1. What is the spin-label model distance, in nm, from Lys112 to Thr163 if the labels are put 7 Å beyond Cα along the C-beta direction?
2. Using a 10 Å cut-off on Cβ atoms, rank the peptides 173-182, 131-140, 84-93 from the highest mean neighbour count down.
3. Go through the stretch 110-116 residue by residue and turn each phi into a ³J(HN,Hα) via Karplus (6.51, -1.76, 1.60, θ = phi - 60°); whole Hz please, and just put x for glycine and proline.
4. Report, by chain and number, residues whose modeled amide H sits under 5 Å from the one on Val139, excluding near sequence neighbours (fewer than 5 apart, same chain).
5. Could you please state how large a percent of the accessible area of the stretch 103-152 is carbon and sulfur, counting protein chains only and using a 1.4 Å probe?
6. Can you list the residues, at least 5 places off or on another chain, whose amide H is less than 5 Å from the amide H of Asp179, using H built in the peptide plane?
7. Return the equivalent ellipsoid semi-axes of the stretch 74-184 as a descending list in whole Å, where each equals the square root of 5 times an eigenvalue of the C-alpha gyration tensor.
8. May I ask you to evaluate 6.51 cos²θ - 1.76 cosθ + 1.60, the Karplus curve with θ = phi - 60°, for each residue of the stretch 157-171 and list the ³J(HN,Hα) values in order in whole Hz, giving x for glycine and proline?
Amino acid sequence: MFRTARTRALPPTCTARTTRPTARTTRPAPVPRRASAAVAACAAAAVLGALLAAPVAQAAPASPGAERPSASAPAAQGRHTGPQIHRFLTWLYGDHGPTRQQRDKHVSAFLKGKQEQNPGYDVILCAQNTPRDIEVGPVTVGQSVGFGWATVTAYWGDGTTSTSTAYVALDSRPIELHDVVCAQ
């Protein structure tokens, strides 16, 4: 069974006007702090909605053992598929994070630059130390945006977990980790 992205409608507050005409004036009404947060949330929802509305050519199987290509949604020729990305991320992250050689050969120049700007912090693991275990979730492939991504969960020695989203460019040769976004 393959997962597909769903398009969500924007919240009703996104269509609300920020001006309120009155008999005395047509100046915009002051926007309360809560409205500013709502506007920011609407902008974020619009960006996310645009990404999710993009056609998904192939998504990862619900379980790692069910890696069959979807007959109804062929991948673009020469691009990485969901199962390929899942295998790559599982191999790259391993149990405790990528090795130095994996970081040198299978990480994009963009992500290497991000690492240089954050010395003392591992941008691939979103941490300063080594996790006890790592798990890669299902992969979503957005052919129109040119990326595949998956949630990566790190399990720490103190019993806590942290998550991040790992992105792989579909056209990268060889396949490489393009970016990581850490959850807050």
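1. 3.1 nm
2. Listed from highest to lowest mean packing, they are 84-93, 131-140, 173-182.
3. 4, 6, 5, x, 4, 5, 5
4. HN-HN under 5 Å from Val139: Ala60.
5. That share works out to 49 percent.
6. For Asp179, whose amide H was placed from the backbone, the distant partners under 5 Å are Tyr167.
7. 23, 16, 12
8. Computed from phi, the couplings for the stretch 157-171 are x, 8, x, 8, 10, 9, 10, 8, 10, 9, 10, 10, 6, 5, 9 Hz.
The values are calculated or read from the model by the stated rules, or taken from the named source; none is laboratory data. Note that the structure is a prediction, hence the values are computed from the model and not measured. Neighbour counts are summed over all protein chains in view; Cβ atoms, including those assigned to glycine, are modelled from backbone coordinates with ideal geometry. Surface accessibility is based on the protein's heavy atoms, side chains included, excluding ligands, DNA and RNA. Shrake-Rupley method; radii C 1.70, N 1.55, O 1.52, S 1.80 Å.
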